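In what follows, a structure is listed as C-alpha coordinates, so that the remarks can point back to it.
The values are calculated or read from the model by the stated rules, or taken from the named source; none is laboratory data. Because the structure is a prediction, the values reported are computed rather than measured. With ideal geometry, Cβ positions are generated from the backbone for all residues, glycine too; neighbour counts draw on all protein chains shown. SASA here: full protein model, heavy atoms, side chains in, ligands and nucleic acids out. Shrake-Rupley method; radii C 1.70, N 1.55, O 1.52, S 1.80 Å.
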Amino acid sequence: MSKTLPLRRRGRPPKEFAGYSATRDALVRAGVVMLTEKGYSATGIEEVLRSVDVPKGSFYHYFPSKEAFGAELIDSYAAYFSRKLDSFFLNEQHPPLERLRGFTDDAAFAMKRFRYTRGCLVGNLGQEMGALPQSFRQQLFAVFIDWQQRTAKCLRSAQTMGAISSSHDCDWLAEFFWIGWEGAVLRAKLERRSEPLHSFSKGFFKLLSE
(Lines give C-alpha, C1' and ligand atoms only; values in the text may rest on other atoms or scores of the structure.)
Protein backbone atom coordinates (compact mmCIF):
# COMPACT_ATOMS: atom_id res chain seq x y z
CA MET A 1 0.00 0.00 0.00
CA SER A 2 1.47 3.31 -1.04
CA LYS A 3 2.00 6.06 1.48
CA THR A 4 0.24 9.39 1.10
CA LEU A 5 2.73 12.13 0.46
CA PRO A 6 2.37 15.33 2.49
CA LEU A 7 0.93 18.23 0.56
CA ARG A 8 3.42 20.88 -0.46
CA ARG A 9 2.64 24.28 1.05
CA ARG A 10 2.00 27.06 -1.39
CA GLY A 11 3.71 30.40 -1.41
CA ARG A 12 7.09 31.47 -0.16
CA PRO A 13 9.37 28.71 1.21
CA PRO A 14 10.11 28.72 4.93
CA LYS A 15 12.52 31.49 5.88
CA GLU A 16 15.20 29.09 7.04
CA PHE A 17 15.53 27.87 3.43
CA ALA A 18 17.24 29.57 0.47
CA GLY A 19 19.78 31.40 2.60
CA TYR A 20 17.16 33.77 4.00
CA SER A 21 19.02 34.44 7.23
CA ALA A 22 22.43 34.84 5.54
CA THR A 23 21.05 37.28 2.99
CA ARG A 24 19.23 39.30 5.62
CA ASP A 25 22.41 39.49 7.71
CA ALA A 26 24.37 40.61 4.65
CA LEU A 27 21.86 43.40 4.03
CA VAL A 28 22.18 44.54 7.64
CA ARG A 29 25.99 44.55 7.48
CA ALA A 30 25.96 46.50 4.22
CA GLY A 31 23.41 48.94 5.59
CA VAL A 32 25.45 49.59 8.73
CA VAL A 33 28.54 50.40 6.65
CA MET A 34 26.60 52.80 4.43
CA LEU A 35 24.95 54.58 7.33
CA THR A 36 28.31 55.09 9.05
CA GLU A 37 29.57 56.64 5.83
CA LYS A 38 26.58 58.50 4.38
CA GLY A 39 23.77 58.58 6.89
CA TYR A 40 20.16 57.47 6.46
CA SER A 41 18.75 60.02 4.05
CA ALA A 42 21.56 59.64 1.51
CA THR A 43 21.47 55.83 1.56
CA GLY A 44 19.15 54.27 -1.01
CA ILE A 45 17.68 50.80 -0.69
CA GLU A 46 18.75 49.93 -4.25
CA GLU A 47 22.35 50.80 -3.38
CA VAL A 48 22.29 48.46 -0.40
CA LEU A 49 20.78 45.67 -2.49
CA ARG A 50 23.38 46.08 -5.24
CA SER A 51 26.23 45.94 -2.75
CA VAL A 52 25.26 42.40 -1.71
CA ASP A 53 23.95 41.30 -5.13
CA VAL A 54 20.32 40.96 -4.05
CA PRO A 55 17.63 41.49 -6.72
CA LYS A 56 15.95 44.87 -6.70
CA GLY A 57 12.49 43.59 -5.89
CA SER A 58 13.59 41.41 -2.97
CA PHE A 59 14.00 44.01 -0.23
CA TYR A 60 10.46 43.69 1.13
CA HIS A 61 10.93 39.96 1.43
CA TYR A 62 13.37 40.75 4.26
CA PHE A 63 12.08 44.03 5.73
CA PRO A 64 8.59 45.56 5.63
CA SER A 65 9.88 49.12 5.07
CA LYS A 66 12.98 51.31 4.98
CA GLU A 67 12.04 52.54 8.46
CA ALA A 68 12.01 48.96 9.78
CA PHE A 69 15.36 48.38 8.07
CA GLY A 70 16.79 51.51 9.68
CA ALA A 71 15.58 50.40 13.11
CA GLU A 72 17.27 47.04 12.59
CA LEU A 73 20.52 48.78 11.62
CA ILE A 74 20.44 50.89 14.78
CA ASP A 75 19.91 47.77 16.91
CA SER A 76 22.67 45.88 15.10
CA TYR A 77 25.17 48.72 15.45
CA ALA A 78 24.24 49.27 19.09
CA ALA A 79 24.82 45.60 19.91
CA TYR A 80 28.16 45.59 18.08
CA PHE A 81 29.33 48.77 19.77
CA SER A 82 28.28 47.64 23.23
CA ARG A 83 30.41 44.53 22.78
CA LYS A 84 33.27 46.75 21.67
CA LEU A 85 32.95 48.96 24.74
CA ASP A 86 32.84 45.93 27.01
CA SER A 87 36.00 44.53 25.41
CA PHE A 88 37.79 47.65 26.64
CA PHE A 89 35.94 48.74 29.76
CA LEU A 90 35.67 45.29 31.36
CA ASN A 91 39.25 44.27 30.62
CA GLU A 92 40.68 43.93 34.12
CA GLN A 93 44.19 43.40 32.79
CA HIS A 94 44.42 47.20 32.60
CA PRO A 95 43.53 49.97 35.06
CA PRO A 96 40.15 51.63 34.32
CA LEU A 97 41.51 54.85 32.85
CA GLU A 98 43.82 52.89 30.56
CA ARG A 99 40.76 50.98 29.35
CA LEU A 100 39.06 54.23 28.44
CA ARG A 101 42.19 55.53 26.77
CA GLY A 102 42.50 52.26 24.89
CA PHE A 103 39.03 52.76 23.50
CA THR A 104 39.71 56.31 22.30
CA ASP A 105 43.06 55.33 20.75
CA ASP A 106 41.47 52.36 18.98
CA ALA A 107 38.64 54.52 17.64
CA ALA A 108 41.11 57.08 16.29
CA PHE A 109 43.09 54.31 14.61
CA ALA A 110 39.92 52.84 13.07
CA MET A 111 38.85 56.18 11.62
CA LYS A 112 42.31 56.65 10.12
CA ARG A 113 42.25 53.09 8.70
CA PHE A 114 39.03 53.88 6.83
CA ARG A 115 40.44 57.25 5.72
CA TYR A 116 37.86 59.11 7.79
CA THR A 117 35.00 57.98 5.56
CA ARG A 118 33.17 56.28 8.43
CA GLY A 119 31.80 57.93 11.51
CA CYS A 120 29.40 56.80 14.21
CA LEU A 121 26.09 55.47 12.91
CA VAL A 122 24.20 56.72 15.97
CA GLY A 123 25.85 60.13 15.80
CA ASN A 124 25.20 60.37 12.06
CA LEU A 125 21.51 59.66 12.52
CA GLY A 126 21.29 62.06 15.43
CA GLN A 127 22.51 64.80 13.08
CA GLU A 128 19.71 63.93 10.65
CA MET A 129 16.94 63.59 13.21
CA GLY A 130 14.79 66.34 11.71
CA ALA A 131 14.41 64.33 8.52
CA LEU A 132 14.17 60.85 10.08
CA PRO A 133 11.21 58.79 11.26
CA GLN A 134 10.30 59.95 14.76
CA SER A 135 10.40 56.32 15.90
CA PHE A 136 14.21 56.57 15.69
CA ARG A 137 14.46 59.34 18.30
CA GLN A 138 13.91 57.26 21.42
CA GLN A 139 15.85 54.35 19.94
CA LEU A 140 18.93 56.51 19.39
CA PHE A 141 18.61 58.15 22.80
CA ALA A 142 18.46 54.73 24.45
CA VAL A 143 21.71 53.74 22.73
CA PHE A 144 23.49 56.82 24.07
CA ILE A 145 22.19 56.11 27.57
CA ASP A 146 23.51 52.55 27.36
CA TRP A 147 26.96 53.78 26.29
CA GLN A 148 26.97 56.37 29.05
CA GLN A 149 26.12 53.76 31.67
CA ARG A 150 28.94 51.50 30.55
CA THR A 151 31.35 54.43 30.62
CA ALA A 152 30.17 55.59 34.05
CA LYS A 153 30.77 52.09 35.41
CA CYS A 154 34.37 52.21 34.14
CA LEU A 155 34.85 55.64 35.68
CA ARG A 156 33.45 54.46 39.02
CA SER A 157 36.02 51.66 38.96
CA ALA A 158 38.71 54.28 38.48
CA GLN A 159 37.23 56.22 41.38
CA THR A 160 37.26 53.15 43.62
CA MET A 161 40.95 52.64 42.82
CA GLY A 162 41.72 56.26 43.62
CA ALA A 163 42.62 57.14 40.03
CA ILE A 164 40.12 60.01 39.96
CA SER A 165 38.71 62.18 42.71
CA SER A 166 35.78 60.90 44.74
CA SER A 167 34.14 64.30 44.22
CA HIS A 168 33.57 63.59 40.53
CA ASP A 169 30.06 62.72 39.37
CA CYS A 170 30.74 59.72 37.12
CA ASP A 171 27.31 59.78 35.48
CA TRP A 172 27.81 63.41 34.48
CA LEU A 173 31.34 62.70 33.27
CA ALA A 174 30.08 59.83 31.11
CA GLU A 175 27.38 62.02 29.60
CA PHE A 176 29.92 64.78 28.97
CA PHE A 177 32.29 62.27 27.37
CA TRP A 178 29.75 61.07 24.81
CA ILE A 179 28.50 64.54 23.96
CA GLY A 180 32.08 65.66 23.32
CA TRP A 181 33.28 62.45 21.71
CA GLU A 182 30.51 62.42 19.12
CA GLY A 183 31.40 65.98 18.20
CA ALA A 184 35.06 65.01 17.88
CA VAL A 185 34.15 62.09 15.59
CA LEU A 186 32.12 64.42 13.39
CA ARG A 187 34.97 66.93 13.24
CA ALA A 188 37.55 64.22 12.47
CA LYS A 189 35.40 62.96 9.60
CA LEU A 190 34.98 66.51 8.29
CA GLU A 191 38.69 67.37 8.50
CA ARG A 192 39.90 63.87 7.61
CA ARG A 193 42.43 63.83 10.44
CA SER A 194 42.58 62.43 13.96
CA GLU A 195 43.54 65.61 15.80
CA PRO A 196 39.97 66.42 16.94
CA LEU A 197 39.77 63.01 18.62
CA HIS A 198 43.10 63.46 20.34
CA SER A 199 42.25 67.02 21.40
CA PHE A 200 39.03 65.95 23.05
CA SER A 201 40.67 62.96 24.73
CA LYS A 202 43.44 65.15 26.09
CA GLY A 203 40.93 67.61 27.52
CA PHE A 204 38.74 64.90 29.02
CA PHE A 205 41.60 63.14 30.78
CA LYS A 206 42.84 66.51 32.05
CA LEU A 207 39.39 67.04 33.53
CA LEU A 208 39.60 63.66 35.26
CA SER A 209 42.87 64.61 36.89
CA GLU A 210 41.40 67.66 38.62
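What whole number of Å gives the distance from the Cα centroid of the range 194-210 to the Cα centroid of the range 42-120?
Cα centroid to Cα centroid, the span is 24 Å.
Hey, rough spin-label estimate for MET129 and PHE176, points 7 angstrom out along Cα→Cβ, what's it come to in nanometres?
2.2
Got a sec? Charge dipole of the range 52-178, +1 on Cβ for Lys and Arg, -1 for Asp and Glu; which of THR104, GLN134, SER167 is way out at the positive end?
Highest projection toward the positive end goes to THR104.
At a Förster distance of 25 Å, what's the computed FRET efficiency of ASP53 paired with SER21, Cβ-Cβ distance as r, to 0.05?
The pair ASP53/SER21 has a calculated efficiency of 0.90.
Placing unit charges on C-beta atoms (Lys and Arg positive, Asp and Glu negative, everything else neutral), compute the dipole magnitude of the chain about its Cα centre in debye, rounded to 20.
On the way: 30 positive and 23 negative charges, 201 e Å.
Dipole of the chain, to the nearest 20 debye: 960 debye.
Once you have a ≥ b ≥ c as the square roots of the Cα gyration tensor eigenvalues for the chain, tell me rounded if a/c is under 1.5, and otherwise prolate or oblate according to whether a/b is larger than b/c. Don't skip to the end; give the middle numbers.
Details: a/c = 2.73, a/b = 1.97, b/c = 1.38.
Since a/c reaches 1.5 and a/b is larger than b/c, the shape of the chain is classed as prolate.
Please report the accessible area of GLU182 (heavy atoms, 1.4 Å probe, ligands and nucleic acids excluded) in Å², nearest 10.
Taking all protein chains as shown, GLU182 has close to 30 Å².
Quantify how much of the Cα-Cα distance distribution of the range 136-210 extends past 21 Å, in percent.
Numbers: 941 of 2775 pairs.
Beyond 21 Å sits 34 percent of the P(r) for the range 136-210.
First select every other residue whose beta carbon is under 14 angstrom from the beta carbon of GLU46; then total the charges, Lys and Arg +1, Asp and Glu -1.
Computed value for this residue: +2.
Hey, can you list the DSSP H helices of the chain whose Cα span along the axis is 30 Å or longer and whose average Kyte-Doolittle score is at least -0.5? Before the final figure, lay out each step's value.
Numbers: long enough: 66-89 (34 Å, -0.05); 135-160 (39 Å, -0.37); 170-191 (31 Å, 0.35).
Long hydrophobic helices here: 66-89, 135-160, 170-191.
Which value at 222 nm does the chain reach when only helices count, each DSSP H run of 4 or more adding -39,500 (n - 2.57), with the total divided by all residues and rounded to the nearest 500 deg cm²/dmol?
Numbers: 9 runs with 141 residues, N = 210.
So the calculated ellipticity at 222 nm is -22000 deg cm²/dmol.
Which residue, THR23, THR104, THR36, has the most motion in a Gaussian network model of the chain that connects Cα atoms within less than 10 Å?
Among THR23, THR104, THR36, the largest GNM mean-square fluctuation belongs to THR23.
Please give the peptides 118-125, 130-137 ranked by average Cβ packing (other Cβ atoms within 10 Å per residue), highest first, as a rough proxy for protection.
Details: 118-125: 22.5, 130-137: 12.4.
By packing density, highest mean first, the sequence is 118-125, 130-137.
Beyond 24 Å between alpha-carbons counts as too far, so tell me which of LYS66/LYS153; LYS112/LYS202; LYS84/LYS153 fall in that bin. Intermediate results must be reported in sequence, preceding the final value.
Details: LYS66/LYS153 35 Å; LYS112/LYS202 18 Å; LYS84/LYS153 15 Å.
The answer is LYS66/LYS153.
Whenever you get a sec, line up ARG156, ARG99, ARG24 from highest to lowest accessible area (probe 1.4 Å, protein heavy atoms). Write down the numbers at each step before the final one.
Numbers: ARG156 100, ARG99 20, ARG24 60 Å².
Output order, biggest surface exposure first: ARG156, ARG24, ARG99.
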